[in-house]
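One structure below.
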Amino acid sequence: MRKELEAKLIARLRDDVVCVEKTDARTIFVDVKRAGIREAAKIIHGAGARYLCSVGYDNIARDGTLGMIHTFALDDCNQFVCCRTTAPVGDPVIESITPDLPSAGWSEREVTDLLGLRFAGHPKPKKLVLADDWPDGIYPLRKDVPHDLVPKGAEDVAYELDEAPPGTKIVPVGPFHPSLHEPEHFAVYVDGETIKGCDYRGFMTHRGIEKLCQTQVSYNEVPFIAERICGICGSVHATAFSQAVESAAGLVIPRRAEFIRTLMLEIERIHSNLLWLGVAGHLIGFDTVFMQAWRVREQIMWLCERLTGNRKTYGMILVGGVRRDITPEIAEDIRNVVNKIEEELMVIHRAIEKDTSIHKRTKGVGTITREQALDWSLVGPVARARGIDIDARRDHPYAAYDEVKFEVPVLDSCDVWATLVIRVIETFEAIKIIRQCLDKMPGGEIFVEMKDKIPALRHAITVVEAPRGESVHYVITGEENRPERWRVRAPTFPNLQAVPLMLLDEQFADFPIVMGSIDPCFSCTDRVAVVDLQTGKSSSISKAELDAMSRKQQQRA
Amino acid sequence: MWLTSKIKQLLMVMKPGVVTLNYPAERPPVPKNLRGQPVWDHQKCIGCGGCSDHCPSRCILTRDVCQELRVMLYDGSRCTYCGRCADICPEGAITMSNSFEIACDDKDDITTRLELFMMTCQRCGRCYEMEKSNAIDRINLKGFRYDNLEQRALVRTTSETFSPELLKESDNYKRPSDKE
């Protein structure tokens, strides 16, 4: 693959290609000059690669440049392509790839906000991550900005939302999501009750996690902070970070540790899918599903408490392995619990699969076509419900997924119902994987120690399939026992960008379930930058009103 | 179709009945290896500062008030109960207890403060790298440390010999804020 790609790139770009190298079995790094970046991204995308995310980094102290990396995945041959370029800090402009790849839009806006790298030809060069009153010229991810900087906020600045299309009214939803209990702000443009468009302003929960981990703590503390990026897929982020560091350091961890990681990820998938099933039921006013799914889920929470010492934020994963072993008694315990969950979930599944009210609320809702989903590079169950056959566990096997057998459900009805079915099927698949893990788990060590320090400035990328889609972690190793740059791309990041498309021409009362169908995690998406207070207006629609509206729709259906 | 689904749902709800626990009137047993409030054994602690160096939430502070006296402070209000300190402790002086009902109206109730009399090590002056063979788990901050206990802030400056100036400087440390 490397040779073909190199030939293609050189044929088109000639001198703009600096080098094309393969650092390990599955990562290809393409270095191009600034002028050729858009063309290079086009060629890589044209070679069948799926766009993942873009990473910006500060290299000013070394050679006075800002770096930009566009990452892609080749799903059919398990490879990643990272296309790197640099721009001098005095003239920090590179060509935008967003006109070709719409899902790069947010990544580029994020880099502009955090590093001051600008993109020529970006269709919507607005603020994305930073608060509206953040002073100009301070780029928080640059190395010379201290991690605890609190600049003085300006007054009377507000985000300029997109102009509403003529003939529509604006319904603000947020800044606190009325039914998902997370902060985000949607301005929904409605014509009567039909949604004609929307604009998103979020990133109100920046906790500065990336900056903190790049300046304050050391490698083995990061997994614990990574786990707190998201309350639901904590292990996913900890595993992804650890794998990226291990891959950069060339560390091979014991097989048993890989099996335990797989086990934890699948346990997490069961809990997350059941949680989502409950929330989806709640959003369409079907609280029986909510109560029963969460009742079944509670057993897995207790299991985790016995297994790891906590209901969530398991704290199991470290760079080099895992912290706690699975003893035969615990293994027996896991088997019993998953058997019970399988049985009870089957009961729920049978009770709701033919329920006409759930069909009427979810079938044909939130539709976007397979082509649109591909353009916006959707991930996870949302993509699989649109006929896109991707799953990082199968396409880019990590941990012990190469040894377990499982099905990847793919449906093509392109609506919320398909997402729901896929997540229920995946829960059963997760139970299958857990049983196989327990059967096949080899003996031996669960942790391997690092003999030497990790060399600085190595790049590594990993993907981990979270319950709601794939998470991408990109790590550049640093000198002081901590990453120089660590970029997290949570699954909500691409999926959320496609929400305006999903909402188009839907009924306003379907807004909660369409939004809920991507299982948005605003905290995951918002992980970077510096905390600041947002001067937000209060929402003009309360949760009770929105829920009531949603339920009225239910009755009408 | 609609009716059979509803009957199935009714049965699904009837079978388990009420599952809500009658907490706090009834207290189910806590799992054996729950990661609850960490407890320090001051007899075992050697004051190496490994726990404060490896605390992800940076809530364990180390302050050398003079050549011989080191104060270790655990601020439970910011603790995430990950249990990393207990893992890292070379002497096994920290244990994760089973107590989890630690809501309180005074921060001091969940704060542990150790005052340790320190000897001066002939080899490196202060710290103990011990047998940590994991290269990325070695202690970063060696020597004398001057965290600000009032502000509960970890100050990442250390010195090889005791420095009254740094101690004084850290006294004036202020948490960043935009209120001027």
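Here are a few things to note about the model shown:
- Contact order for chain B, expressed relative to its length and based on alpha carbon pairs under 8 Å spaced 6+ residues apart, stands at 23 percent.
- Dipole magnitude for chain B: computed about the Cα centre from +1 point charges on Lys and Arg Cβ and -1 point charges on Asp and Glu Cβ, it is near 920 debye.
- Options A:461, A:203, A:158, ranked by Cα towards positive dipole end of chain A, top entry (Cβ charges): A:461
- Members of B:142/B:174; A:42/A:363; A:33/A:143; A:124/A:360; A:8/A:33 lying beyond 26 Å, as alpha-carbon distances in this model show: A:42/A:363; A:124/A:360
- Positive dipole terminus of the protein assembly as shown, leading residue within A:219, A:486, A:276 (C-beta point charges): A:276
- Selection from A:518, A:262, A:240 lying farthest towards where the dipole of chain A points positive, charges on Cβ: A:262
- Remark: spin-label model distance residue A:340-residue B:105 equals 3.9 nm, labels positioned 7 Å along the Cα→Cβ axis.
- For segment A:107-149 versus segment B:8-41, the inter-centroid distance based on Cα atoms is 46 Å.
- Neighbouring partner chain Cβ atoms per residue of A:342-350, average, 10 Å criterion: 2
- Here the Karplus curve 6.51 cos²θ - 1.76 cosθ + 1.60, taken at θ = phi - 60°, turns the phi angles of segment A:238-247 into couplings of 5, 5, 4, 4, 4, 4, 5, 5, 4, 5 Hz, with x standing for Gly and Pro.
- Footprinting exposure proxy ranking of A:276, B:40, fewest other C-beta atoms within 10 angstrom first, gives B:40, A:276.
- Tensor-based shape of segment A:2-143 (alpha-carbon gyration tensor, a/c under 1.5 rounded, otherwise prolate or oblate): prolate
- Nearest-0.05 FRET efficiency for residue A:371 and residue B:39, computed from C-beta distance (R0 45 Å): 0.15
- Three-way shape call for segment A:177-316 based on the alpha-carbon gyration tensor, with the a/c threshold at 1.5: oblate
- Only beta bridges with both residues in the protein assembly as shown are counted; by DSSP, about 90 percent of them are antiparallel.
- Summing Lys and Arg as +1 and Asp and Glu as -1 over all other residues whose Cβ lies under 14 Å from the Cβ of residue A:505 gives a net charge of -4.
- Footprinting exposure proxy for A:391, B:87 (fewest neighbouring C-beta atoms within 10 Å first): B:87, A:391
- Three-way shape call for segment B:32-171 based on the alpha-carbon gyration tensor, with the a/c threshold at 1.5: oblate
- Inter-part distance where segment A:447-523 and segment A:354-370 are each reduced to a Cα centre, Å: 27 Å
- Counting neighbouring beta carbons within 10 Å and listing from fewest to most, the residues B:117, A:493, A:511, A:428 come out as B:117, A:428, A:493, A:511.
The numbers here are math on the coordinates, done by the rules we state, and not lab data. In this text the structure is predicted, and so the values were computed from the model without any measurement. Glycine gets a Cβ as well: all are built from the backbone with ideal geometry, and neighbour counts include every protein chain shown.
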